[in-house]
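Accompanying notes for the structure given below.
Read the figures in this text as sums done on the coordinates, not as results from a lab. Please read all numbers here as calculations on a predicted model, not as lab measurements. For neighbour counting, all protein chains shown are included, and Cβ atoms are generated from backbone atoms with ideal geometry for every residue, glycine included.
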Amino acid sequence: MEPLININKQKCTSCYTCIRICPVKAIQIKAGDQYPIVKMNRCIGCGTCITACSPKAMNFRNETAEARQLLKSGKDVAIICSPSISAEFADVSDHRKFVAMLRSLGAKFVNEVSFAVDVIAYKYLNLFSDVKGKFYIMSYDPVIVNYIEKYHPNLIGNLAPLVSPMIACALIMHKLYGKDIKIIYIGPEIARKEEALRFGDAARIDVVLTFPELRQLFSEFSIDESMLEYSDFDPPLGYKGSLFPLSNGIIQSADMDENRLTADIITVEGQQAMIESIQEFENNVKLIHRHLNVTYGNALSGPGLSNQGNKLLKEHLVIKYANRRLNNFFRHEWYNNLQGYLDMDFTCQFRADDQRLPEPDPRKVKEILSQLGRKEDDVIGCNECGYNSCREFATDIARGLVTPEMCTSYAFRNTMNFEESLRHLNEKLALTRKALKEAEENARQEHEAVIQASELNQAMLEKLHAGVVIVNNKMKILQSNSAFVKILGEEAEEINEVIPGLVGADLKKLLNPGILNLFTYVLNDGDTIESRDIRLGETVLNVSIFTIRKNKVAGGIIRDMRAPEVQKTEVIKRISEVIDKNLEMVQKIGFLMGEGASDIEKMLNSIIEFYNTGKDSTS
Ligand code: SF4
Ligand code: SF4
């Protein structure tokens, strides 16, 4: 079964009016949550939150489906009606038409609860006439019973041990029509839906409908009074019980003394009156010396009626209805009926269900007060949060029932702070954007320069006759020139056509292991290898390897010694080296051999010239 109160998150605007208005703090908002939740264990079923929720996000459990099912089941159904029908159905011309409408729904019996009001009123009369120094709180209103059980459990013993007229009526119906009769109660208080669940089979009520739900069924069943004949309630009929919706209706029913000089019952009505009078009763019952007739007032207002206003008009309608009923009233018959049921057991027990919350740590409350911008002794608030004081509000924050955001000035301050930090953040963002743009432009220019440098490098590399390759520490080629590709052979030349410069190719797969080891050595040790000749079959490669970036990038210059241009330069270079290295020796030999020495030098220089010009200068 659905809980009594539910919240439709699709409709909820998070205004938190319900939290502020709930008299027992049964609606909570958790830190970080957007939507409130109803703690049903704390709820007393007053329905105030529902009438206060303007987006109509809050509602009570609708039981029309169960009623429809029951009415169509073919089982015997008795509908029992609260006398508040007079205030709700002012649009129905006569109560007998209304009864006919109920019968059209499929009810076999239609009874009024007024008779049970009369019975219970007389039970109160008896109870109050023999109190033996004890004073009672009347227990016919389920909201009051819930409130005392949950928030004033010390007063359980003062709750009059009598069932409500609804339950009394159900007991009478079961006695009258048998235990199998199905009962639908119709009335204005949503708390009756939960009250009906408290009692066993003897008082079983199968469905509780409010007036808006009943109107829904009339509409679904297309029931219109103009199509129907008059039909009256089934007996036993009530007498002054029709006045039950009025705050002192039950007292009037039993003609109890209401004279303020002599009466021993005080009547109060309304949310605030309930809270204050019950607290006072607990504190001062020994001085007050009166019974308390307290009602929340939902019989003429609350979400179980189609409209909540016009209380005076509704009272007038109730009184008018009661008077009209009494026009053709057979008091004697009523009295006999009453006597027939007064000996039934209408007593009941109530049980404490303590929902009072422990006081939180005062240090935490103090901390929260300062968070709210209030001093410890500065506790009178603006009431905007729904609390009488900032301290009460802070106490409930500490209990985890509400959040500081419900305080408008706190929320406003936070919004201001938030806006200020947002402004700072935006400024920072603008600066960061500008810096980013500049960095982007620099990076673009650098990138272009790198590309240009790389193109220039490549162009210069291409001009060299020697093969040049640059690799990283994973032996992947970063750059190479055509002379290098040519040294590697045809296969590499084909790859070069697809991937110019063999960029990304694995040097390990392209080069002889002997040369590869030299690259590994240079990359690992950071040394330079200069002009090392390596023979590969018929070929001699002259290899120089040097570090470009230590342990990361190395470059190699490889020359095929068979290439004519290499041979020529190499011979010149090497002869020059011979000349240089042996110059001293040659000079010594020349000194010893005279003219012969200069002939040797001449001869060697002619070889160099030959290689430079391509013709023999000695001829
Ligand atoms: S009053 Fe209604 S709309 Fe406002 S927070 Fe409560 S449920 Fe949501
Ligand atoms: S029905 Fe009453 S007690 Fe329950 S949550 Fe709503 S306002 Fe609070």
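Which of F128, F199, F281 has the fewest other C-beta atoms within 10 Å, and how do the rest follow up to the most?
Ordered from fewest to most neighbouring Cβ atoms within 10 Å, F128, F199, F281 come out as F199, F128, F281.
Just to verify a number: FRET efficiency for L197 and N154, C-beta to C-beta distance, R0 = 30 Å, to 0.05?
0.75
For K428, list the lysines whose Cα falls under 23 Å from its own Cα; do not include residues on the same chain fewer than 8 positions away.
Within the straight-line cut-off, K428 pairs with K437.
In nm, what is the difference between 0.36 nm times the number of residues separating N472 and S531 and their Cα-Cα distance?
So the chain would gain 19.2 nm between N472 and S531.
Show me the ranking of peptides 522-530, 136-144 by mean Cβ neighbours inside 10 Å, starting with the highest.
136-144, 522-530
Within a Cβ distance under 14 Å of V268, other residues only, what is the Lys/Arg minus Asp/Glu net charge?
Net charge in that neighbourhood comes out at -3.
What spacing in nm lies between the two simple spin-label points modelled at S421 and N307, each 7 Å away from Cα in the Cβ direction?
About 5.0 nm, to one decimal.
Run down the lysines and flag those whose C-alpha is under 25 Å from the C-alpha of K320, throwing out any fewer than 8 positions away in its chain.
K97, K240, K311
Given the rule -39500 (n - 2.57) for each run of at least 4 DSSP H residues, summed and divided by the residues of the chain, what is its mean residue ellipticity at 222 nm, to the nearest 500 deg cm²/dmol?
-15000 deg cm²/dmol
At what distance in nm do the modelled label points of N457 and Q271 sit from each other, each positioned 7 Å from its Cα along Cα→Cβ?
8.0
Rounded to the nearest 0.05, what FRET efficiency do S389 and L287 give with R0 = 30 Å and r taken as the Cβ-Cβ distance? Could you check?
That gives a FRET efficiency of 0.65.
If packing is taken as the average count of other Cβ atoms within 10 Å, what order do 218-228, 536-546, 365-375, 442-452 fall into, highest mean first?
With the highest mean Cβ count within 10 Å placed first, the list reads 365-375, 536-546, 218-228, 442-452.
What is the distance, in nm, between label points placed 7 Å from the Cα along the Cα-to-Cβ direction at K486 and at M344?
Once both label points are built, they end up 12.0 nm from each other.
Can you list the equivalent-ellipsoid semi-axes of the chain, largest first and in whole Å, using the square root of 5 times each Cα gyration tensor eigenvalue?
In descending order, the three semi-axes are 110, 29, 20 Å.
So, counting K/R as plus one and D/E as minus one, what does the shell of residues with Cβ under 14 Å around A78 add up to?
+2
Can you return the lysines within cross-link range of K509? Criterion is Cα-Cα under 20 Å, with same-chain partners fewer than 8 residues away left out.
K509 reaches K474, K476, K486, K552.
Could you give me the ³J(HN,Hα) list for the stretch 551-560, computed from phi with Karplus coefficients 6.51, -1.76, 1.60 and θ = phi - 60°, whole Hz, x at Gly and Pro?
These are the phi-based 3J(HN,Hα) values: 6, 10, 9, 9, x, x, 10, 10, 10, 7 Hz.
Hey, what do the phi angles of the stretch 446-452 turn into as Karplus ³J(HN,Hα) couplings, whole Hz, using 6.51/-1.76/1.60 and θ = phi - 60°, x for Gly and Pro?
Per residue, the Karplus-derived 3J(HN,Hα) values read 4, 4, 4, 4, 5, 4, 4 Hz.
Could you pull out every residue, at least 5 positions away or on a different chain, whose amide H is within less than 5 Å of the one on V553? Hs are placed 1.01 Å off N in the peptide plane, and Pro or chain starts have none.
Counting only residues 5 or more places away or on other chains, the set is I548.
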